[in-house]
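Asks: One structure is given below, represented as structure tokens, and several questions about it will come after.
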Amino acid sequence: MWFPYLLLAIAYLLGSFPTGYLVGRMAGIDIREHGSGSTGATNVWRNVGKFAGISVFAVDFAKGAIAIYVMQQANWLLTSFGLTANIAIDNLSLFVIGAGMLALIGHSRPVWLGFKGGKSVATGVGILFMLNWIVAIAAFSVWLATMAIWRTVSISSIAAATAAPIFMWTLQGNIVYSSFVTVGCMFVIWLHRSNIERILNGTELTFKSDSKA
């Protein structure tokens, strides 16, 4: 069946939509040449403004959520087009996590920007929300608590990515989804390796209230 593979390609293209880059261009800058060089919401917030950063986060969140939702509805989409809905539940779960992983990769390695993008945090939260919204809220709570203490986005993101698999294995009965969240969070942490180096060196930027409005 070709249809789920088409949806996998769409998931990557969704993830690779260069939200931060386009918002930066609208503000007259190439966001890749400012701050950390990331196209993610935090770098946009710092260099373009608060509203721009929030907008990028929202769209990047939606990219992950939509990629998962569309794949979850694959059988319904097939029947809507008059085709036979024959994707077994077990196989569909594998396609769902495949869509999630490709959306994560798309955000961090977008084909439109020479395969250099963001850290996949917002997209990952969107994916997690569609897999288990309780886990997503719990992980976000860890992010908020860590942010309140250290005021450093990268530390908060790494803490949330570390906590999410623990919550997932505790609260989610689907082993396939829990395994994916573990691998996906490891990928997000790996994308933060330059941040980890700066944290260890004491040179990582904190999130200051005097960022651009």
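The values are calculated or read from the model by the stated rules, or taken from the named source; none is laboratory data. What you see is a predicted model, and the numbers here were worked out from it, not measured in a lab. Because the Cβ atoms are built from the backbone with ideal geometry, glycine has one as well, and the counts that use them run over all protein chains shown.
Asks: Among all residue pairs at least 6 apart or on different chains, which show Cβ distances below 7 Å where the first residue, located in segment 1-18, is in contact (Cβ under 8 Å) with a residue 60 or more places away in the chain and the second is of a type in the set (D, E, K, R) and part of a helix (DSSP H, G or I)?
Replies: Short answer, once both residue conditions are applied: LEU14/LYS63; GLY15/LYS63; PHE17/LYS63.
Asks: Determine whether GLY202 is modelled with pLDDT under 95 and on the phi > 0 side of the Ramachandran plot.
Replies: It is true that GLY202 is modelled with pLDDT under 95 and on the phi > 0 side of the Ramachandran plot.
Asks: Further question: Is it true that some residue in segment 111-119 is of a type in the set (Gly, Ala, Ser) and buried (at least 24 other Cβ atoms within 10 Å of the Cβ)?
Replies: yes
Asks: Where residues in segment 51-69 are of a type outside the set (Gly, Ala, Ser) and either touching a Lys or Arg at 6+ places or on another chain (Cβ under 6 Å) or surrounded by fewer than 17 Cβ atoms within 10 Å (Cβ to Cβ) (or both), which of them is farthest from TYR177 (Cα to Cα)?
Replies: Here the residue is PHE51.
Asks: Same structure, new question: Taking the conditions exactly as written (among the aliphatic types (A, V, I, L, M), more than 22 Å from HIS34 (Cα to Cα) and loosely packed, with under 15 Cβ neighbours inside 10 Å), does MET130 satisfy them or not?
Replies: no
Asks: For segment 2-35, enumerate the residues that are within 18 Å of ILE97 (Cβ to Cβ), in contact with a helix residue (DSSP H, G or I) (Cβ under 9 Å, 6 or more places away or on another chain) and modelled with pLDDT under 95.
Replies: Within segment 2-35, PHE3, PRO4, TYR5, LEU7 meet the criteria.
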